[in-house]
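Structure first, commentary second.
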Amino acid sequence: EDLTPLKDIYADHFYIGNAVGTNHFAGRDLEIMTKHHNLITAENVMKPEAYYDDQGNFTHSSQDAFLQNAVDKNLLVHGHVLMWHSQSEDSLYQNEDGSYKTPDEALANMKTHISKVMTSADAIAGDSLISWDVVNEALDGSFSNPEDWKSNLRQSSGWLQSIGDDYLYEAYKYAREVADSLGRHDMVLYYNDYNDHLQPKARTMYHMVKDINERYAEENPDDDRKLISGVGMQSHYTTSVNIENVRTSLERFIELGVDVGVTELDVGASNTTTLTEEEEKEQAYFYAQLFDLYKEHSDHMSRVTLWGLSDRHSWRSEDNPLLFDGNLQAKEAYYALQDTATYI
Ligand code: G3I
């Protein structure tokens, strides 16, 4: 069966992205990737830990292989991720005895990491690399006072423990400097997080980005760009999520005057290994509603990225959350995106 490419269907609205691994550049995976998508994110090989060997030496060979594949296939790339508490390299902010490095030491290591990663990626991907997740999942608290975002910072982050809450501002400022030095003045710098549909968290994200951007504007009156220029809604949903909450969050982030990207979309539909017909329909209906909402706001949205090519290799494959099934066949959810109206 000849499916219409999703990237063509949504060409007037936003890029259609996906998360892929180096081993997906072959066979049916590659076919699905290039047929339906025009933007990719590395599912794992551009995370901090992927750049360090056992001795803590910096190496970018996995990244380079991934980026070369993307360039060869004419795909744009979203860089994921410069700073994260998970899949990180502890020696950047921690001593061997487990104590944290001084703020100055950790800050210097942070800058070295950011500049090595951005520079080596630029050497392969150049303009194909259109955006970066600078910081991922920095928030994790009770979210009872969303304006006080600093009190909701994730305590298990080695960057927070070593540098303090300034690490966010410093990371974005430095990433902006490196991008400028590479001539990439338009580079979109994202803050990316999950549970983006839950209002206390979404409001906290909003205040964090707003405060950081206001501080940058005050300190840099001649630069009219936003320091954080993108908000990533990861969008790891289930069919029981209330779409109106997604709408409220999306509209809130748009108010920040930044690009809003859907960065890791998947919609869990069951908790057994096989989907019933009814569950598959419900999932298709959910996807159709979501994409209608995205189309409505597409002036402010550059991309909708799915988190995996098929249910076979999804990080939550038991929930069957994607558009193609374990045998790489299109599901109802795919057809729903082809023509949302008939599914709503
Ligand atoms: O590479 C090792 C391999 O050498 C080893 O044999 C194998 C045994 O478990 O593990 C492999 O590493 C796994 C890695 O994926 C690569 O496949 C890790 O165990 C596994 O934890 C890791 O999972 C990734 C997860 O992030 C880690 O937190 C998922 O693939 C990836 O989809 C997921 O993506 C995250 C985003 O980056 C951030 N937002 C949430 C999202 C979902 O958790």
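DSSP beta bridges in the chain, what fraction antiparallel, as a percent rounded to 5?
Within the chain, antiparallel bridges account for around 10 percent of the total.
Quick one: which residues, 5+ away or cross-chain, put their amide H under 5 Å from the amide H of GLN94? H built at 1.01 Å from N.
Those lying under 5 Å, H to H, from GLN94 are LYS101.
Place +1 on the Cβ of every Lys and Arg and -1 on the Cβ of every Asp and Glu in the chain, take the dipole about the Cα centre, and give the residue among PHE143, LEU6, PHE286 whose Cα lies farthest towards its positive end.
The residue sitting most towards the positive pole is LEU6.
Short version: ³J(HN,Hα) in whole Hz for each residue of the range 27-41, in order, from phi by Karplus 6.51 cos²θ - 1.76 cosθ + 1.60 (θ = phi - 60°), x for Gly and Pro, what are they?
x, 5, 4, 4, 4, 5, 4, 7, 5, 9, 10, 10, 8, 10, 10
Hey, can you rank 27-38, 2-13, 196-207 by average C-beta count inside 10 Å, highest first?
Per-residue Cβ counts within 10 Å, averaged per peptide and sorted highest first, yield 196-207, 27-38, 2-13.
Using a Förster distance of 56 Å, how high is the FRET efficiency between ASP180 and THR274, based on the Cβ-Cβ distance and rounded to 0.05?
It comes out at approximately 0.65.
Residues with amide H under 5 Å of THR41's amide H, sequence separation 5 or more or different chain, H placed in the peptide plane at 1.01 Å from N; which?
HN-HN under 5 Å from THR41: ASN18, ALA19, VAL20, HIS78.
Rank the residues TRP149, TRP315 as a footprinting-exposure proxy: fewest other Cβ atoms within 10 Å of their Cβ go first.
Ranked by crowding around the Cβ, least crowded first: TRP315, TRP149.
Treating only the Cβ of Lys, Arg, Asp and Glu as charged (+1, +1, -1, -1), what charge dipole size does the chain show about its Cα centre? Round to the nearest 20 debye.
200 debye
To the nearest 10 degrees, how steep is helix 243-254 against the longest Cα principal axis of the chain, on a 0 to 90 scale?
The two axes meet at around 40 degrees.
How large is the charge dipole for the range 186-344, taken about the Cα centre, if only the Cβ atoms of Lys, Arg (+1) and Asp, Glu (-1) carry charge, to the nearest 20 debye?
160 debye
Neighbour counts of other C-beta atoms within 10 Å: give me THR276, THR41 arranged from fewest to most.
Lowest count first: THR276, THR41.
Computed from the coordinates by the stated procedures, all read-outs in this text should not be read as laboratory data. All values reported here derive from a predicted model rather than from experimental measurement. As a convention, Cβ positions derive from the backbone with ideal geometry for all residues, glycine included, and neighbour counts pool all protein chains shown.
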